[in-house]
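Everything on this sheet refers to the single structure shown next.
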Amino acid sequence: METQEKKQRFTDSITFKALIVLALTLLLLIPQAMITSLIRERKERSEETIRKINEKWSNPQTICGPVLNVASSTDKYVLTPSILKIDAKLSPKKMYYGIYKTILYKSELQISGSFNNFEEVENLDNRTMYWDEAYISIGISDLKGLVSNAELTINGKTYTADAEGSNYWFRGNMLKFPLKDFQKSPSGKNEFSCKLMLNGSENINFIPVGRTTEVKVSGKWSSPSFIGNFSSESTVEKESFSAKWNIMHFNRNIPEVLVFDSKTYHHYLDNEESSFGVGLIETVGHYQQNERSSKYALMFIALTFVVFFFVEVLTKKKIHIIQYLLVGIALILFYSLLLSISEQIGFALAYLIASFATIGLISAYAQSIFKNKLHTGILTLILCVLYTFLYVILQLEDLALLIGSVGLFAILGVIMYLSRKINW
């Protein structure tokens, strides 16, 4: 009988209720994990849809060259330009497919330079150079983006292009300009020029094959990203940007003459290691923000339950565990609302709508439980502060950890202060 009374007293105690609320909080992490999984699934679907849109238009582009290809009686040689200049003008645009969006662009590239290094291969001993079979090639990662016939002029003579698959020095597609009846310049300065009209998506990249390489990129876009392993001189003003790279031969690991025999025939330039360029990005993707916000679900559930628990303890008003559960589900559904609405209208406005709906629902339900406007007002204020706090953290990526840690420490201090006189 005494044991039964002790059990009864324990089940009615504050400690027992606290343990039940804690268990319920942990249980709600299961639907929270499902929401996080849903966000990732929607993000992957978005990326897949964007890939399909890009493939129809043209994928991100990498431009390499021009380089001169000439064979000898024993080996194949690739001569990189002594001087390479590229001036690229981009015209970006947004393309929508349902709720999904990608960034496409048209580009006009003016390529010029000179080969001043023919003697590098002409002076090789015991080799016959087949200049009648020589050709100039330009690596373009996706030839589908080429929208006009390409022509290259060298030493005043113009040559037309043929398409070619992956070459032995560039992992990607090629434009090949056969140099029929090619005449080298008597001065040794073999100047070339080429104009390309090229479509692409998301980013455009260049490989600095010239002994000296100068690349200029400009366009109308408010949030460009200057990518790669080389720094640029760049300006971003209102809706336009411009960037300039000057790269010397000692800044990158690409020789002036590449020699390929049967053993090194499949040697490729490392596009990722050597390339640089411009990425056309949105400042922050809403899927990334949704995923980051869902990581704070435990904090929201725990702090809301703490408010309900303190009201229950301090006012001696019983709150059923099912009522805790319903409030917890409302908090979880906030993230589902946020995801679905942000896909339609963007993250900022979706956050305002989802948080307003969630706070309103929980506050109305709390009033029906507490029957006290002061307690309901305190809960509403706390929820408003929490959702504002979360939004600030999501916007300040670099300081998110610092602000989040300080905020949680302050919240713990308040809880410890309020609970100091509770007779557990």
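Rule-based calculations on the coordinates, nothing more; no lab input. Given the structure is predicted, the values throughout are model-derived calculations rather than measurements. Here Cβ is always computed from backbone atoms with ideal geometry, including for glycine, and neighbour counts include all displayed protein chains.
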Note to self: For the chain, take the longest principal axis of its alpha carbons; what is the angle in degrees between that and the long axis of helix 373-395, to the nearest 10 within 0 to 90?
What the structure shows: 10 degrees
Item checked: For segment 402-416, Karplus couplings with θ = phi - 60° (6.51, -1.76, 1.60), whole Hz, Gly/Pro x -> 5, 5, x, 5, 5, x, 5, 5, 5, 5, 4, x, 5, 4, 4
Notebook entry, point to check: Under the classification rounded if a/c is under 1.5, otherwise prolate if a/b is larger than b/c and oblate if not, where does segment 331-424 fall, given a ≥ b ≥ c as square roots of the Cα gyration tensor eigenvalues?
Noted result: oblate
Check: What do you get for Rg/Rh of the chain when both radii come from the Cα atoms and Rh is the Kirkwood radius?
Finding: 1.22
Next item on the list: Under 24 Å Cα to Cα from Lys184, which lysines show up? Leave out anything in the same chain fewer than 8 places away.
Entry: Lys76, Lys85, Lys157, Lys176, Lys195
Checklist line | Sequence-separation-based contact order of the chain, relative, with Cα cut under 8 Å and 6+ spacing, percent | finding: 17 percent
Notebook entry, point to check: Taking the Cα atoms of segment 295-348 alone, what are Rg (to one decimal) and Dmax (as a whole number) in Å?
Noted result: 14.3, 45
Check: Where does segment 59-282 land on Rg(C-alpha)/(2.2 N^0.38 Å)?
Finding: 1.04
Check: Leaving out same-chain residues fewer than 8 places away, which lysines sit with a Cα under 28 Å from that of Lys373?
Finding: Lys17, Lys316, Lys317, Lys318, Lys421
Next item on the list: Restricting to segment 59-282, compute how many DSSP beta bridges are antiparallel as a %, nearest 5.
Entry: 85 percent
Notebook entry, point to check: Too long at a 23 Å Cα-Cα cut-off: which of Lys43/Lys238; Lys216/Lys238; Lys93/Lys295?
Noted result: Lys43/Lys238; Lys93/Lys295
Check: What nm value, rounded to one decimal, do you get for the distance between Ser419 and Glu55 when each label is placed 7 Å out toward the C-beta?
Finding: 5.4 nm
Next item on the list: With springs connecting C-alpha atoms under 10 Å apart, model the chain as a Gaussian network and identify which of Pro224, Pro186, Pro208 has the largest mean-square fluctuation.
Entry: Pro186
Notebook entry, point to check: Long-range amide H contacts for Ala161: which residues qualify at under 5 Å (H placed 1.01 Å from N, peptide plane, sequence gap of 5 or more or a different chain)?
Noted result: Ala150
Note to self: Counting only helical runs of four or more DSSP H residues, what would the 222 nm mean residue ellipticity of the chain come to if each run contributes -39,500 (n - 2.57) and the total is spread over all its residues?
What the structure shows: -14000 deg cm²/dmol
